[in-house]
Structure formats: C-alpha cells, structure tokens
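First comes the structure, then the notes that go with it.
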2 protein chains.
Amino acid sequence: MAAAYPPSLTALIEEFEKLPGIGHKSAVRLAFHMMKVPEEKARRFAQAVLDARVSVRLCESCQNLTDERICSICSDPSRDRSTICVVESPKDLAAMEKTREYRGLYHVLHGALSPIDGVGPEDLKIKELMARLTPEVTEVIMATNPTVEGEATAMYLSRLVKPLGVRATRIAHGIPVGGDIEFADEMTLARAMEGRREI
Amino acid sequence: MAAAYPPSLTALIEEFEKLPGIGHKSAVRLAFHMMKVPEEKARRFAQAVLDARVSVRLCESCQNLTDERICSICSDPSRDRSTICVVESPKDLAAMEKTREYRGLYHVLHGALSPIDGVGPEDLKIKELMARLTPEVTEVIMATNPTVEGEATAMYLSRLVKPLGVRATRIAHGIPVGGDIEFADEMTLARAMEGRREI
C-alpha cells in the first residue's frame, strides 16, 4: 500500500504527535493547518520555535527564563532589592507578577525537594539563592506550592536562610477569595483557621 | 510591570495560540515543552514544519498532497487505471487507503459544492477530474461524504461524467459494521433499507 500522506507531511504529523497532550488526530489537524496557512506564516512559526529555543536561558541572578544575561526584573532599578520571593517555576513567577502587588526580586528553584522522585537540594537552584543573600537582602519569602514537596522545600530553605540573619516568611494559605467554606478541603480550612487575624 | 516571560518565549506562546484548538494554557505548556527538549529536537521540529510547508504540493494528476510532481499512488504501476475514486479531502483518501481494499486511482476535489458557503464547481478540482477521463477510465466512484454537500457534489459530477460513457457509482450508505440498528438515525436506516441486497 502506498503511504497515505507524502513523507514530509507524515514527518510533520509525527513531530506534532511528540508534543505533550497532542494525540494522533490533533497532530493530523495541526499538520494540515500548517499546509493551509501562507508559507510566510509557517516560516514565522518555525522561526519562533528556533528563536525561543536558542535565545531563552536562565537569568544568571534569579534563574528565571530570559533572553538576556540578567532578566528584566533583576535589572529593573525600581524593584526592591531587599526582598527575594522564592518560587518553584517560571510559571509561578508569572502568576505572581500578574498580581502587580509584589515589587521585590524573585528566585526560581526549578522544582521542589522530592526524595521520592530523587530530587535533592543539589538538583534545585539553591546554591544560586544562597549566593544572592548579601546584607542588602532582609527577607526571603517562600512562595513554593502548598504541597508536601513545596512545604518541605520552604522548611529546608528557611533553615538555611535564618542563620544568616535573614527573615524567612511563608505566603498565607487559606480560603481562596470567592471560594466557598462549604467546599474547602480540611487542610485548607485548618490553615485558614491557623492563619486567622484580628479584624 | 516587567513582562513575565522573555520576548522570544512570549512570541512562541503566541504562535502556538494561533493553531486551531490550542488555547492559552495549552500554548504555554507547548512552548515550555519546547524550552525543555534538547536543542536538536526543537530544530528538527521547526525543520519539519518548513519541509512540509515548502515541499508538499498537489499531485498534478489526482490533486492529492504529495512531495513529488506526481503522487506515489498515481505513479504506482500496479494500480488499476480504469477506476477513479473521487473524495473530498486528502484525509478521506487516507481513510480509504487504510482499508487496503481499493486498487484504483483517486481524485481529490478539495471540498464539496456548497452554494451557501459560496463554493461552486470552479472552486473544486473538477476541471482536473474531467481532464483525466480518457477512454482508459471506465468508472468514477463518488466517495464524497453522505452530507447534503457531498450528495449534491456526487450528483453534479455524475451528470458531467455519464455523457462521456463513463460509469458513475456512489459508495453504499447504511448501518456501520458493529453499529446498532436501535441507535441508527432515520436517514441512515432509510439508506440501509434502500440499498438492501439478496442474501
């Protein structure tokens, strides 16, 4: 039997199938879409893949993704250099930035401690964090996820940070804004009670 | 506020978002995936897009997608040149080839007649089909979809083909193999009754 699609199209379908969350049918649909768009647009797409892959690297200071040696946040003179907010991933950093609340610096760990998955301190950007703790830095905010791994990482880091005379704080956990107490899980409710404040 | 992601990554996310069926979250996931794969794999992916877009064209004979001037089916000497199976799209052709039943040639219309969408005979590869109806061709099988548009197209083509002394046939419609009569729609059931055969 002759192949149903030309080799170059079959190759493209296979490439799309390698992407996470893309099954065979989606891969066929995406490959056919690429055949239909003007050649210029297909070129722009391919170039965007190359550009991003080649130019994106980790900021030498905070380890966030950047096109430069030092990222735009670290090199922004208006940011408060006394506070470092530690997050697990660039996506967490992006979520935090969207709030427009925080004006300090960040540090991206690229993961969380997870002995079960074989992720130890040396697999995270912890050495790089410690190297940033100059006297200028007075507080390190642990904004790791409220998971077992995230909590353990926050704990581990706070023990490293505090002996240096730096405050270690943890972001608050509780009922999400707009959330319903009735449907909150026990852990969240317990944390919400624990973290209660005078009004 | 500083941009959350470097410009080249933001550009890649936007490119992924332009693809059909890919929302913002999927686009972020796919772009991050591209950051994580070895550079060689990202290059291969980008190259596959370019290769397919640049080298895939329509077969000069059957109008199916091909990397050559004439596709592998049309140039296969073992195919029966007396029969042409007309389909709406390359995907339909691929589905037909998978059955390994049909040994004749194909013709891809690239659509179906649809006055409501402004698709007339001149928008389909009908001229190209007529040009192929040499005396060698004895039958044209209408394998357009069992939709209003597909039926109209099959009808239209059969009226063009028959005066040339070529048989025009239509693929059978009925209960799908493994299908349940109870759940078949009325149109399908009616077609199944209509197309009944002696056993």
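A few points about this structure:
- Just one of the listed residues (A:Glu60, A:Glu68, A:Glu40) is outside any loop (DSSP other than H, G, I, E, B) and surrounded by fewer than 16 Cβ atoms within 10 Å (Cβ to Cβ), and it is A:Glu40.
- Restricting region B:162-180 to residues that are more than 25 Å from the chain's Cα centre (by Cα) and in a loop (DSSP other than H, G, I, E, B) leaves a set whose member that is farthest from B:Thr134 (Cα to Cα) is B:Asp180.
- Residue selected from region A:71-84 under the condition assigned to a loop (DSSP other than H, G, I, E, B) and either on the phi > 0 side of the Ramachandran plot or among the polar types (S, T, N, Q) (or both), by the criterion surrounded by the fewest Cβ atoms within 10 Å (Cβ to Cβ): A:Ser78
- Members of region B:168-199 that are open to solvent by less than 80 Å² (accessible area, probe 1.4 Å) and closer than 27 Å to B:Ser82 by Cα: B:Ala168, B:Thr169, B:Arg170, B:Ile171, B:His173, B:Gly174, B:Gly195
Quick grid of which residues meet (1) closer than 30 Å to A:Pro6 by Cβ; (2) touching a Phe, Trp or Tyr at 6+ places or on another chain (Cβ under 9 Å); (3) part of a strand (DSSP E or B):
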position	(1), (2), (3)
B:Arg100	yes, no, no
B:His107	yes, no, yes
B:Ile116	no, no, no
B:Glu122	yes, no, no
B:Thr144	yes, no, no
B:Glu149	yes, no, no
B:Arg159	no, no, no
B:Glu182	no, no, no
B:Arg197	no, no, no
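Yes or no, residue by residue, for (1) under 17 Å from the mean Cα position of the chain (by Cα); (2) in contact (Cβ under 8 Å) with a residue 24 or more places away in the chain; (3) facing another protein chain (nearest Cβ under 7 Å):
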position: A:Lys36; (1), (2), (3): no, no, no
position: A:Ala46; (1), (2), (3): no, no, yes
position: A:Asp51; (1), (2), (3): no, no, yes
position: A:Arg57; (1), (2), (3): yes, no, no
position: A:Cys62; (1), (2), (3): yes, yes, no
position: A:Glu68; (1), (2), (3): no, no, no
position: A:Ser72; (1), (2), (3): yes, no, yes
position: A:Ser78; (1), (2), (3): no, yes, no
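Okay, residues lined up against (1) at pLDDT below 95; (2) assigned by TED's automatic domain parsing to the domain that holds A:Asn145; (3) farther than 23 Å from B:His33 by Cα:
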site: A:Gln63; (1), (2), (3): no, no, no
site: A:Ile84; (1), (2), (3): no, yes, yes
site: A:Pro90; (1), (2), (3): yes, yes, no
site: A:Lys98; (1), (2), (3): yes, yes, no
site: A:Arg103; (1), (2), (3): yes, yes, yes
site: A:Leu109; (1), (2), (3): no, yes, no
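- Total residues in region A:1-27 satisfying the condition of being in contact with a helix residue (DSSP H, G or I) (Cβ under 9 Å, 6 or more places away or on another chain) and more than 7 Å from chain B (Cβ to nearest Cβ): the figure is 10.
- Selection within region A:136-145 - open to solvent by 30 Å² or more (accessible area, probe 1.4 Å) and more than 16 Å from the chain's Cα centre (by Cα): A:Glu136, A:Thr138, A:Glu139
- Residue tally, condition over 17 Å from the mean Cα position of the chain (by Cα) and of a type in the set (A, V, I, L, M), over region A:82-135: 4
- Filter pass, B:Val108 being hydrophobic (A, V, I, L, M, F, W, C) and away from every other protein chain (no Cβ under 14 Å): no
The values are calculated or read from the model by the stated rules, or taken from the named source; none is laboratory data. All values derive from a computational prediction rather than experimental measurement. Every residue, glycine as well, gets a Cβ built from its backbone with ideal geometry; the counts of neighbours run over all protein chains shown. Note: areas computed on protein heavy atoms with side chains; ligands, DNA, RNA excluded. Shrake-Rupley method; radii C 1.70, N 1.55, O 1.52, S 1.80 Å.
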